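Written below as structure tokens is the structure these notes are about.
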Amino acid sequence: MLRYVTTNEGKVREALSYLDDDVTQLDFDYTELQAPELGPIAAHGAREAFRYADEPVLVDDAGLFIEGFEGFPGPYSAYVEDTLGVETVYRLAAAELDEPRRASFRCILAYCDGEPFEASPDPVDRDDRTLAAARGAEQDDEETQALPVKLFEGVVNGRIVPPRGDDGFGYDPIFEHDGLTFAEMTPEEKNGISHRGRALAKFGEWYAERQ
Ligand code: ITT
């Protein structure tokens, strides 16, 4: 069975409505690397979650990248939501940035089942090895034998607006795409165009073939 690894109920609702019935949530809080990009964070999480669960896992790492803030909060989106809150993020953007305050949501899905993938260049392996080396891990240590991970990315462009709407979660009320905030969309509408929906579509196609 495939386990969707996240502690965030909002992600689970969206992902499980997209994937079929033999996927269940794995509420596992993997170690989040400090990294400027989502890929290495998700790949590291997938390896850790697979070692924990010993079942195929799909890790979902996402973030809001505000163009005028050079991508901030990006990989730090969860921390910024917990500390400042999304309304403050809107107020900062409104105070500092001119319209249209462009931003994008990005989602990386990282799949790991312990098996290798054909033609899967995995640049992320290097990061794990560097990290392990920095920790002084031995060459034959489990950590240095990076498990193969396959990444799927989804991106959606939009802009930062005053909060509107009651649906969704996280930054949805302040992210507008095509005139509606994500919090004003039904889950189906959001899945149809969102970063997560796009990454899930790519994953779903690949996973169906793999099986
Ligand atoms: P897990 O790591 O356990 O999956 P998390 O909420 O910490 O849960 P992320 O680090 O990926 O997950 O999330 C980064 C932040 O971005 C966090 O504050 C989320 O609420 C927010 N976020 C992620 N996807 C979102 C979406 O589709 N809409 C709005 N906010 C989103």
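The values are calculated or read from the model by the stated rules, or taken from the named source; none is laboratory data. For clarity, every value in this text was computed on a predicted model and none was experimentally measured. Neighbour counts are summed over all protein chains in view; Cβ atoms, including those assigned to glycine, are modelled from backbone coordinates with ideal geometry. SASA here: full protein model, heavy atoms, side chains in, ligands and nucleic acids out. Shrake-Rupley method; radii C 1.70, N 1.55, O 1.52, S 1.80 Å.
A few comments on the model shown:
- Yes/no for A133 being at pLDDT 55 or above and either more than 21 Å from the chain's Cα centre (by Cα) or among the aliphatic types (A, V, I, L, M) (or both): no
- Candidates A53, A62, A103, A94 - the one that is of a type in the set (A, V, I, L, M, F, W, C) and more than 16 Å from the ligand (Cβ to nearest atom): A94
- Elements of type helices (runs of 4 or more DSSP H) contained in region 1-95, each with 2 or more residues being hydroxyl-bearing (S, T, Y): 9-18, 77-83
- Within region 179-211, being modelled with pLDDT under 95 and outside any helix (DSSP H, G or I) holds for T186, Q211.
- Unique match (being modelled with pLDDT of 95 or more, under 25 Å from D27 (Cα atoms) and open to solvent by 80 Å² or more (accessible area, probe 1.4 Å)) among D82, D61, D98: D82
- Scanning region 3-33 for residues that are open to solvent by 30 Å² or more (accessible area, probe 1.4 Å), out of contact with any helix residue (DSSP H, G or I) (no Cβ under 8 Å at 6 or more places or on another chain) and either in contact (Cβ under 8 Å) with a residue 40 or more places away in the chain or under 20 Å from F105 (Cα atoms) (or both) yields T7, N8, E9, L16.
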